[in-house]
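Enquirer: Pasting in a structure now, in structure tokens, and then I'll have a few things to ask.
The values are calculated or read from the model by the stated rules, or taken from the named source; none is laboratory data. Only a predicted model underlies this, so the values are computations on that prediction, with no experimental measurement involved. Cβ placement follows ideal geometry from the backbone for every residue including glycine, while neighbour counts extend to all protein chains displayed. Protein only, heavy atoms only, side chains kept; ligands, DNA and RNA dropped before computing areas. Shrake-Rupley method; radii C 1.70, N 1.55, O 1.52, S 1.80 Å.
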Amino acid sequence: MKNRGGRVFRLAGVFALLAFLGTSIAQDKQLPAPTYLGDAQCVACHVQEADNYSHALHARVFARGRTGLERRGCESCHGPGSNHLLDLTSKANIIVFSRDSEIPIRAQNVQCLQCHKGGQRMHWPGSVHQTSELGCSDCHNPMARFSATGLLRGRSISDTCFGCHQQQRMQFQQRSHMPLLEGKMSCVDCHNPHGSTTEPLLKADTVNQVCYQCHAEKRGPFLWEHAPVRENCLNCHNPHGSNHEFLLVVARPYLCTQCHSQLVHNLGLTTRGNLGSGAFPDERIMNRGCQQCHSQIHGSNHPAGVKFHR
Amino acid sequence: MTHRGHTILAGIVFGLMTSGVSADSAEGVDTIQSNALNYQGDLNPEEVLDEKGLSVYTRAPRRSPSGLLYNIPYETPVYRQTENGWRYVGSVEFGVLAVDGDTDNPVFIEYTDWDDGFVFNNFSFAAEKPESGGYFRTNGGGVGRNDQFYAAEGGQYGSWRLKGFYNEIPHVFTTNARTIFDGVGTGNLTLPDMLTPAGSTPDEVRAVLATKPDITSSLQRKRAGLGLDWMWTDTLTFFGDYSFEKRDGTRPFSGGMYWNWLNPAIGGSVEMLEPIDYDTHDILFGLRQIKDAWQLNVVYEGSFFRNEIKTLTWEHPWANGSFAPLPDGASNPETGRFALYPDNDFHHLKLDFAHDIGWEGVWTTQLATGRMEQNDALIPHTVNTGIGGNIVNPIDFDLWNTTAALSQNSADALIDTYLFQTGVNVNPWNKVTLRGKLRYYEEKNETDYTNFNPLTGEFGYIALDGGPGGVVPGASGIFEPGVAGSLWHVRNIPFDYRRGNITLGGDWRYAARGVFTVEYEHENYQRDFRERDETKEDRLRLALSHRGFSKATLRVAWEYAQRDGDPYISDPYDQFWTEVLPGYVPTIPEGTPAQVLDDLRKYDLADRDQQILNARLNFMIRDDMDLFFSGRWQENDYQASYGRRSDEARNFNVEWTWFPSNRGNVYAWYGWQDGDIDMANINDAGPNSIDGSAGGPVYPFDREYTIQQKQETRSFGAGVDYRVRSVDLKLDYIWIDSDTPISYDYASVSSLVSPLSREQTGGGPGTLAFRRQIFQASARWPFARQWAVRFYYRHEEGKTHDWHFDGLERVSDQTLYLGAVPQDYDVDVIGLLLQFRTH
């Protein structure tokens, strides 16, 4: 066991130092109460923006103008534009959603939540993306079409996520992986980036319930359950990719022997000498390892499946 | 509705009949329909960059609030107008693919259909009537191929939406398997005439295998769905989805009759192919109510899995043998039978509620309850007939091969789940957010089954269709009162748990663009029938998000957690074994010998010190250039002497992106991750004591061994997506190199499963290695206003070394393998595709 006291304090110190960095920004400016100008005024200058926007989803919805907010067009998201005309270079006089915006992230997101409150975003407050001060427009851009669906910043859902989650991009290229880079699933099949009650932003009550969405056969319940399987698939699998077969976290049979010692099974160390090329080939390390016999490792419904043999 | 309206509606319905739904980020899967040749920006006809960019006021690309560069948008399509106010756009891409090399390698075609020949690569069509908000759009690709996909959606913006999809996903496991069995893909595998059940020799099996071709084992997912979103009012939406999935095919599987490692002429196992014929129906419906001060979601989700092949029976080629004479008229078990996955039903009802509260706060609550259940008819203990066992313990299979021998006819297995979460998030001051959260989740397992045979009045079961019972006296699986060591697991263990978490935390906005977060979480985890009744974990999380640097955004988070709990009972399962039945006699006078090593800790229950450090730093080198660093470090110390003792994982990534103009971008990235896992165990010395401690008589130190698994992966990618004159060029290169060396050490030859010398065991079984590189190029030249030609090239090569297959023969003593040894591959794909679009 390692002594961690020093490390804990050092890390806490680093955080405290970082927290006091960059104390600039945000000075209140006294401006007249802004008023709405209407789309025509905006489009007069922002021709290219309007052209891009014209084939994005919001333009089509707003075109119907069902609500007062929708009828405000550009200003439904960007807020009343009159102060913008007072100083065209200021990013504080109008709500913009880019890096140089002087509007706090919370206020930017509130603009989106005028229409997108609740629903999939019910658990946004307090979620890790919210507390990390991500703006809706870090992942989405409704002003143009960058992606096939979802008004995403990237070309696809996964491409957008990989912008920050680069480790996962690498894992999805490993020997065993889910068909994400083959275009058959996306990060959002399992995660809700808008917030969830299950960590890490999972779309179901538990890890296993997420997995059962596509692997329904493993839901059971079975007569004979394997405790770590029933409780959490991640005890044995890495969902994003693995250098082992079947997304395993450890090579068989060591995957099994890290938890199991079992009297009379001669559950000793299997070695290179037990491979097909060795002096004592042993089916417990070759090929499927322990699953050569314990093949129903996810649970058995056979009366004689006590040890997952049947 | 006008005649034209009826026509459009009919078109929508027709489209949906052949396609299906996509879910959203909160519920369900199916969030994407595409395939490898149509994945994210592969220059399909609709993906044409707009050189005008996002704005005329700046040439530099825009950045998101965190400083991430926005891509270059696709150009605005020019709609064709119809007389009745509808307008439309559409496109198709088709051509030919030529594939050369190791085209049937399972890594290459694992999830993709790369067959050469004609390819209708993609199509899209969108129509809308701006005046009414009516719209319809459909797209698809890979027409007629194993990875084909289609999606369609229609409705009225802001009012209703009908959507559908159809998607196929291949999953290839191996293309070089060989099997002796007839009936592959069914639930009944039989031996060919040349082989005799329970009477074939390894040479005879080899001879048959030599006549068999290599076969492919794969399964195909075919999934279709329909969904409707209906915005009843501006604040109330009803939605419902239904999807159906068919899974067909086979996958590698195996089973045996007894250990073959003990004696080459005894026991044996067989690798075979499991038939897959699954149907899954998923239903999801609910409502969303959104008011100014509160929001409500109510969602029901149902999933109904049906397995059309419930059992797999195989004729066993090997003579099982015996250490004792067989009874008169008895033979070795000739047949084995599996119970494959049972049907199951899943119901889940969830209610989410949020209400605005004071201090600009919100109170959120979630209530959910679910049920997983299955009640499949149980199959008998064995499929074999007549007399089995050995002369010491003959078994009359006919008293066990009938459902009358079961204590109950069906599984009646059921797990209920409950989830409750409530939390508040308030902003008492402009710069401070406080939050608290309480979460409780429970799984309650109601399954109750005991292996008792009413025909014989015996507890127990027929292990491995009679295999062990024939080989070793007393190893049948049937409890024998008064016979020493008749120790069998006869009652199911209804594993379940309750998990409670309380989280308190807050954010301090120390600057307009900086937030410091502190969170504390306490977890209480109570499990039934595990080695530990209760574990507790305390976790501290500190995080910083700083956008205040003029040229950078920094996000860093550090977590420290400590887990401990009740005393660890290494073998808490007595009540489910025959140990508690009258007549049980242990093999040694003191009691039942220690079954497991007392000092081994299962790592999901062990004490644990955990640290996690996550950091992301995005440097905006220039207005049009980014350098993004990310890293993660995690360390777990399980404070255990045996079992998984510790693990550590490190990851570092760097990515460079440059948008030199509105004609495209250039990127490169490098990723590195490594890790190690440290494990230890002790080989048992036999049932000589009830003392299961390390160093004791059953688990002496001279039989100890340790294993270290290390892992290092390096990955590199680079690409260009750029318009050169009028040609759109897209080049991508990906390289990955993974090594997983495993080493071990051991105290003595007694630690090993076989009497091997140090020279024979070496320091480890070897290194698992996977290397792959993919180069992909697309060049599109628009030779006319509506027409373009696309040249596609892909080179892919890969190498896999897996020591599990070193020296693997398909027949090794009395063990039969499919021989699905990973193969290296090298493939080139060339495509010539024609694109047409209506604009």
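Enquirer: Given a Förster radius of 60 Å and the C-beta distance between B:His355 and B:Gln634 as r, what FRET efficiency does 1/(1 + (r/R0)^6) yield to the nearest 0.05? Mind showing how you got there, number by number?
Expert: Details: r = 37 Å, r/R0 = 0.61.
Plugging the Cβ-Cβ distance into 1/(1 + (r/R0)^6) gives 0.95.
Enquirer: Follow-up. Under 19 Å Cα to Cα from B:Lys291, which aspartates and glutamates show up? Leave out anything in the same chain fewer than 8 places away.
Expert: A:Glu70, B:Asp229, B:Asp234, B:Asp352, B:Asp356, B:Glu360
Enquirer: Follow-up question, since we're still on this one. Which of the lysines could be linked to B:Lys129 by a straight reach, that is with a Cα gap under 19 Å, when you skip same-chain ones fewer than 8 residues away?
Expert: Cross-link targets: B:Lys163.
Enquirer: Moving to a separate point now. Sort out for me the Cα centre separation of segment B:790-839 from segment B:391-443, rounded to whole Å.
Expert: One Cα centre to the other: 40 Å.
Enquirer: Of the accessible area of segment B:739-809, with the probe set at 1.4 angstrom, what percent is carbon plus sulfur? List each step's numbers first, then the result.
Expert: Working: 1680 of 2980 Å².
About 56 percent, which is the carbon plus sulfur part of the accessible surface.
Enquirer: Run the numbers on segment A:269-291: which residues show a drop of 50 Å² or more in accessible area, chain on its own versus all protein chains together, using a 1.4 Å probe over heavy atoms?
Expert: With the partner chains in place, segment A:269-291 has these residues losing at least 50 Å²: A:Leu269, A:Thr271, A:Arg272, A:Leu275, A:Phe280, A:Glu283, A:Met286, A:Asn287, A:Arg288.
Enquirer: So for segment B:334-452, taking the charge dipole from beta-carbon charges (+1 Lys/Arg, -1 Asp/Glu), which of B:Tyr441, B:Ala339, B:Asn427 sits furthest toward the positive end?
Expert: About the Cα centre, the residue reaching furthest to the positive side is B:Asn427.
Enquirer: Taking the Cα centre of the protein assembly as shown as origin, work out the dipole magnitude from +1 charges on Lys and Arg Cβ and -1 charges on Asp and Glu Cβ, in debye rounded to 20. Don't skip to the answer; put the middle values down first.
Expert: Working: 105 positive and 139 negative charges, 986 e Å.
Computed about the Cα centre, the dipole is about 4740 debye.
Enquirer: Let me spell out the model: positive unit charges on the Cβ of Lys and Arg, negative unit charges on the Cβ of Asp and Glu, origin at the Cα centre of segment B:694-795. What dipole size does that give, in debye rounded to 20? Kindly include the intermediate steps, with their values, before the conclusion.
Expert: Working: 13 positive and 10 negative charges, 215 e Å.
Value, rounded to 20: 1040 debye.
Enquirer: On to the next question. With each run of n ≥ 4 DSSP H residues scored as -39500 (n - 2.57), what mean residue ellipticity at 222 nm is computed for chain A after dividing by its residue count and rounding to the nearest 500 deg cm²/dmol?
Expert: On the way: 15 runs with 99 residues, N = 310.
That comes out to -7500 deg cm²/dmol.
Enquirer: Say R0 is 30 Å: what FRET efficiency, to the nearest 0.05, do B:Ser159 and A:Tyr36 get from their beta-carbon distance? Write down the numbers at each step before the final one.
Expert: Working: r = 26 Å, r/R0 = 0.85.
With a Förster radius of 30 Å, E is 0.75.
Enquirer: State, to one decimal in nm, how far the label point of B:Trp429 lies from the label point of B:Phe244, with both points 7 Å from Cα in the Cβ direction.
Expert: Output for this residue pair reads 6.2 nm.
Enquirer: Where does the charge balance sit around A:His194 when Lys and Arg score +1, Asp and Glu -1, over other residues with C-beta under 14 Å from its C-beta? Don't jump to the answer; show the numbers that get you there.
Expert: On the way: positive: A:Lys117, A:Arg121, A:Lys203, B:Arg288; negative: A:Asp138, B:Asp24, B:Glu27, B:Asp352.
Residues near A:His194 contribute 0 overall.
Enquirer: Solvent-accessible area per residue for segment A:55-184 at a 1.4 Å probe radius, Å²? Working shown, then result.
Expert: Details: 4510 Å² over 130 residues.
Per residue, segment A:55-184 has an accessible area of 35 Å².
Enquirer: Hey, another quick one. Identify all lysines with a Cα-Cα distance to B:Lys551 below 21 Å; exclude those on the same chain that are fewer than 8 residues away in sequence.
Expert: B:Lys551 reaches A:Lys91.
Enquirer: Along the charge dipole of chain B, Cβ charges K/R +1 and D/E -1, which of B:Phe629, B:Leu162, B:Asn662 sits furthest on the positive end?
Expert: B:Asn662
Enquirer: Continuing with the same structure: Dipole of chain B, Cα-centred, from +1 at each Lys and Arg C-beta and -1 at each Asp and Glu C-beta, to the nearest 20 debye? Walk me through the numbers before you get to the answer.
Expert: Values: 74 positive and 117 negative charges, 866 e Å.
For this selection, approximately 4160 debye.
Enquirer: Please work out the FRET efficiency for the pair B:Asp193 and B:Asp691, using the Cβ-Cβ distance as r and a Förster radius of 45 Å; give the result to the nearest 0.05.
Expert: Values: r = 55 Å, r/R0 = 1.22.
Taking R0 as 45 Å, the efficiency between B:Asp193 and B:Asp691 is 0.25.
Enquirer: When the chain is fully extended, how far beyond the present Cα-Cα distance does B:Leu399 get from B:Ser757, taking 0.36 nm per residue of separation?
Expert: Additional length available on full extension: 124.1 nm.
Enquirer: For segment A:86-146 and segment B:241-279, compute the distance between their C-alpha centroids and round to whole Å.
Expert: 51 Å
Enquirer: Can you list the residues of segment A:277-310 with backbone N under 14 Å from a point 7 Å past the Cα of B:Leu455, pointing along Cα to Cβ?
Expert: none
Enquirer: Label points 7 Å out from Cα along the Cβ direction at A:Ser277 and B:Phe420: separation in nm?
Expert: The modelled label-to-label distance comes out at 6.0 nm.
Enquirer: With each run of n ≥ 4 DSSP H residues scored as -39500 (n - 2.57), what mean residue ellipticity at 222 nm is computed for chain B after dividing by its residue count and rounding to the nearest 500 deg cm²/dmol? The partial results should precede the final answer.
Expert: On the way: 4 runs with 33 residues, N = 839.
Calculated mean residue ellipticity at 222 nm is -1000 deg cm²/dmol.
Enquirer: Now for a separate question. Please work out how much length the chain gains when fully extended from B:Trp781 to B:Asp824, using 0.36 nm per residue of separation minus the C-alpha to C-alpha distance, in nm with one decimal. Please list the in-between numbers first.
Expert: Details: separation 43, 0.36 × 43 = 15.48 nm, distance 3.49 nm.
Extra length from B:Trp781 to B:Asp824 when fully extended: 12.0 nm.
Enquirer: Next question. Taking 31 Å as the cut-off for C-alpha to C-alpha distance, list the pairs among B:Lys431/B:Lys536; B:Lys444/B:Lys602; B:Lys212/B:Lys246 that go past it. Walk me through the numbers on the way to the answer.
Expert: Working: B:Lys431/B:Lys536 33 Å; B:Lys444/B:Lys602 22 Å; B:Lys212/B:Lys246 29 Å.
Listed pairs above 31 Å: B:Lys431/B:Lys536.
Enquirer: Something else now. Would you work out which of B:Ala354, B:Gly643, A:Leu181 lies farthest towards the positive end of the dipole of the protein assembly as shown, given +1 charges on the beta-carbon of Lys and Arg and -1 on that of Asp and Glu, about the Cα centre?
Expert: Highest projection toward the positive end goes to B:Ala354.
Enquirer: While we're here: Checking an interface number: how much accessible area is buried between B and A, summed over both chains, with a 1.4 Å probe, in Å² rounded to 100?
Expert: Details: alone 40610 and 21150 Å², together 43340 Å².
Rounded to the nearest hundred, the buried surface is 18400 Å².
Enquirer: Need one number: nm distance between label points at B:Asp292 and B:Thr186, each 7 Å from Cα along Cα→Cβ, rounded to one decimal.
Expert: Taking the simple label geometry, B:Asp292 and B:Thr186 are separated by 7.0 nm.
Enquirer: May I ask you to list the trypsin sites (Lys or Arg not before Pro) in segment B:525-582 that are in a DSSP loop and have at most 12 other Cβ atoms within 10 Å of their Cβ?
Expert: Working: sites: B:Arg527, B:Arg530, B:Arg532, B:Lys536, B:Arg539, B:Arg541, B:Arg547, B:Lys551, B:Arg555, B:Arg563; in loops: B:Arg530, B:Arg532, B:Arg547, B:Lys551.
When the trypsin sites (Lys or Arg not before Pro) of segment B:525-582 are filtered for loop state and at most 12 Cβ neighbours within 10 Å, B:Lys551 remain.
Enquirer: Provide the convex hull volume over Cα atoms per residue for the protein assembly as shown, in Å³.
Expert: Working: hull volume 191.5 nm³, N = 1149.
Hull volume over Cα atoms, normalised by residue count, gives 167 Å³.
Enquirer: Kindly provide the GluC sites (Glu not before Pro) of segment B:51-138 that DSSP labels as loop, not H, G, I, E or B, and whose Cβ sees at most 13 other Cβ atoms within 10 Å. If you can, show how the numbers build up before the last one.
Expert: Values: sites: B:Glu51, B:Glu75, B:Glu83, B:Glu93, B:Glu110, B:Glu128, B:Glu131; in loops: B:Glu51, B:Glu75, B:Glu83, B:Glu110, B:Glu131.
Passing sites in segment B:51-138 are B:Glu51, B:Glu83, B:Glu131.
Enquirer: Sort out for me the Cα centre separation of segment A:249-272 from segment A:158-211, rounded to whole Å.
Expert: Their Cα centres are 31 Å away from one another.
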